[in-house]
Amino acid sequence: MKLRATGGRIAGLRPRTMLMSGAAAAALLVSTALIAPSAHAAASTLGAAAAQSGRYFGAATNSFQLSNSAYATILNREFNSIVAENEMKWYANEPQQNSFSFSAGDRLVAHARANGMSVRGHTLLWHAQQPGWAQNLSGTALRNAAINHVTRVATHYRGQIHSWDVVNEAFADGGSGARRDSNLQRTGNDWIEAAFRAARAADPGAKLCYNDYNTDGINAKSTGIYNMVRDFKQRGVPIDCVGFQSHLGTTLASDYQANLQRFADLGVDVQITELDVAQGANQASIYERVTRACLAVTRCTGITVWGVWDAASWRDDNPLLFDGNGNKKPAYTSVLNALNSVSGPNPTNPPPTTTPPPPAGGACSASVSLNSWNGGFVATVRVTAGSAAIRGWTVRITLPGGAAVTGTWNAQASGSTGTVNFSNVGYNGQVGAGGSTEFGFQGTGTGPSGTPTCTAT
Ligand code: G3I
């Protein structure tokens, strides 16, 4: 569905307001070249050009778009990172409370893995696009449901997400620099840090980001977020990165780069997360200046555009790098040239390396922790490799009579009653020597009490 930016409220935002308010007051200053040209051969795609400095260049996409071959050709050729435009949002993957629907997001992750792309996760908690059942909750019930959502989704995708937008758009527009009122905010001001702690526990390997719009320069809103991030860093709340959506109009704030840098100086990575720019004479120039600003900030680890081509944009002003026929626009060339103007790895974000799988065999053990209630349970199972790395595992668990598995995550179950074998899925079979991974299942009846057996494959 193509959304019209002039068409009223979308996801609680007024797109036109969102596009302009951060930049309207800024003078249009033509930036000077910030990075000296390098001697290496120019890369011919956005992803390859960004990888020269250890950065990613990504695009928002939806699983249904992957079957459009012209679209997929561009996506696969140009981008080395993807983010789910909608399919990892709360309404999409937990449509009923505690009933998860991961298939569309899984398809995106599988596509990314098959094509050597990293994945940004978007988004664990947001005041908008909540499922109806969550909109109807408040207080402790909502807080518990929200943290459960963070835990379950981040656990499902554990090990597969480069960076999670843990919390999206929690600050108000305008000059207050304060939190936005929302049902989540009304559960208590600590809801954001609670979400970050839960995400860290569920997926310790993912970078955890706060993400927002109208933060494209030093202004009251970005300063409110800056103060929160500084406070989190001081108190040890696990935050790793800040996303600057950068839905831009026809001007760019002159302090766009300085704003990125002040966040980086707090000790977090920064990323451009939803870049799109209004069509018009300045489009290519603004794209170039945003790209150069990221390249000039060592901790700016990647750029994502909010769609592959204009036909797929949520906006109606052709804000992307490819036109509706898949042709490269001048903005594309300006971004590619900017990316090609730097070389040398960014030390904070080395390119991913691939390691060969370990040999077959080895040993493993498993332990179960249970969260039970009258009539049901959730089991979390930890699989630990022995003194050698393993390439796959199967855990055998016997359920008491009357118990049945109703849902499994991060593993494939052989059945639902009696003795059930849980085998690794594609992404969590390999476990390093002495390392561990977790899967879980929920069920009705009484949870298992015996010791599970683990066989390495
Ligand atoms: O999937 C339903 C479909 O079943 C139904 O028939 C149709 C009827 O309207 O709606 C479809 O859902 C739409 C969904 O996109 C998928 O197309 C929603 O109505 C629509 O509101 C939703 O818009 C998305 C919006 O976020 C709200 O989630 C946009 O595509 C997406 O680009 C936009 O992205 C946001 C970021 O997540 C956060 N930052 C701002 C950015 C732009 O608003």
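Points worth noting:
- The one condition from (1) open to solvent by 20 Å² or more (accessible area, probe 1.4 Å); (2) part of a helix (DSSP H, G or I); (3) touching a Leu at 6+ places or on another chain (Cβ under 9 Å) that ALA293 does not meet is (1).
- Output for the range 301-311, where each listed residue is open to solvent by 20 Å² or more (accessible area, probe 1.4 Å) and either part of a helix (DSSP H, G or I) or within 12 Å of the ligand (Cβ to nearest atom) (or both): ALA311
- Condition met for VAL342 (at pLDDT below 95, surrounded by 14 or more Cβ atoms within 10 Å (Cβ to Cβ), part of a loop (DSSP other than H, G, I, E, B) and of a type in the set (Val, Ile, Thr)): yes
- Subset tally (residues that are in contact with a Lys or Arg (Cβ under 9 Å, 6 or more places away or on another chain) and either without any contact (Cβ under 8 Å) to a residue 12 or more places away in the chain or within 16 Å of the ligand (Cβ to nearest atom) (or both)) for the range 246-282: 7
- Taken over the range 253-269, the criterion of being hydrophobic (A, V, I, L, M, F, W, C) and more than 13 Å from THR215 (Cβ to Cβ) is satisfied by ALA264, LEU266, VAL268.
- THR298 being open to solvent by less than 20 Å² (accessible area, probe 1.4 Å) and either within 16 Å of the ligand (Cβ to nearest atom) or out of contact with any Leu (no Cβ under 6 Å at 6 or more places or on another chain) (or both): no
- Close pairs from the range 87-112: first farther than 28 Å from ASN136 by Cβ, partner more than 12 Å from the ligand (Cβ to nearest atom) and among the polar types (S, T, N, Q), Cβ under 8 Å, at least 6 apart: VAL109/GLN160; ALA112/SER81; ALA112/SER118
- Residues (in contact with a Phe, Trp or Tyr (Cβ under 7 Å, 6 or more places away or on another chain) and buried (at least 18 other Cβ atoms within 10 Å of the Cβ)) located in the range 225-242: ILE225, TYR226, VAL229, VAL237, ILE239, VAL242
- Residue match in the range 77-95 (condition: within 12 Å of the ligand (Cβ to nearest atom) and more than 26 Å from PHE244 (Cβ to Cβ)): yes
- Close Cβ contacts (under 7 Å, 6 or more residues apart or on different chains) running from residues in the range 440-451 that are over 15 Å from GLY375 (Cα atoms) and part of a loop (DSSP other than H, G, I, E, B) to residues that are polar (S, T, N, Q) and at pLDDT 80 or above comprise GLY450/THR398.
- Residue count for the range 170-212 under the criterion of being touching a residue at least 60 places away in the same chain (Cβ under 8 Å) and either within 15 Å of the ligand (Cβ to nearest atom) or more than 16 Å from VAL150 (Cβ to Cβ) (or both): the result is 3.
- Filtering the range 152-166 for residues that are assigned to a helix (DSSP H, G or I), crowded, with 23+ Cβ neighbours inside 10 Å and among the hydrophobic types (A, V, I, L, M, F, W, C) leaves a non-empty set.
- Single residue of the range 140-151 satisfying the filter (of a type outside the set (Gly, Ala, Ser) and open to solvent by 20 Å² or more (accessible area, probe 1.4 Å)) that is nearest to the chain's Cα centre (by Cα): THR151
- Looking across the range 41-71, the residues that are more than 28 Å from LEU295 (Cβ to Cβ) and either assigned to a helix (DSSP H, G or I) or modelled with pLDDT under 95 (or both) come down to SER63, PHE64, GLN65, LEU66, SER67, SER69, ALA70.
- Number of the condition not met by SER182 [criteria: (1) open to solvent by 20 Å² or more (accessible area, probe 1.4 Å); (2) assigned to a loop (DSSP other than H, G, I, E, B); (3) of a type outside the set (Lys, Arg)]: (1)
- Residue within the range 119-139 that is surrounded by 21 or more Cβ atoms within 10 Å (Cβ to Cβ), among the hydroxyl-bearing types (Ser, Thr, Tyr) and within 16 Å of the ligand (Cβ to nearest atom) present: yes
- Yes/no for THR457 being under 20 Å from ILE390 (Cα atoms), open to solvent by 10 Å² or more (accessible area, probe 1.4 Å) and in contact with a strand residue (DSSP E or B) (Cβ under 7 Å, 6 or more places away or on another chain): yes
- Any hit, the range 317-339, residues being touching a Phe, Trp or Tyr at 6+ places or on another chain (Cβ under 6 Å), open to solvent by 10 Å² or more (accessible area, probe 1.4 Å) and in a helix (DSSP H, G or I): yes
The values are calculated or read from the model by the stated rules, or taken from the named source; none is laboratory data. Quick caveat, the model's predicted, so the values are computed rather than measured. Every residue, glycine among them, receives a Cβ derived from its backbone with ideal geometry; neighbour counts consider all protein chains shown. Ligands, DNA and RNA are stripped out before the accessible areas are found, and what is left, the full protein with its side chains, is counted by its heavy atoms. Shrake-Rupley method; radii C 1.70, N 1.55, O 1.52, S 1.80 Å.
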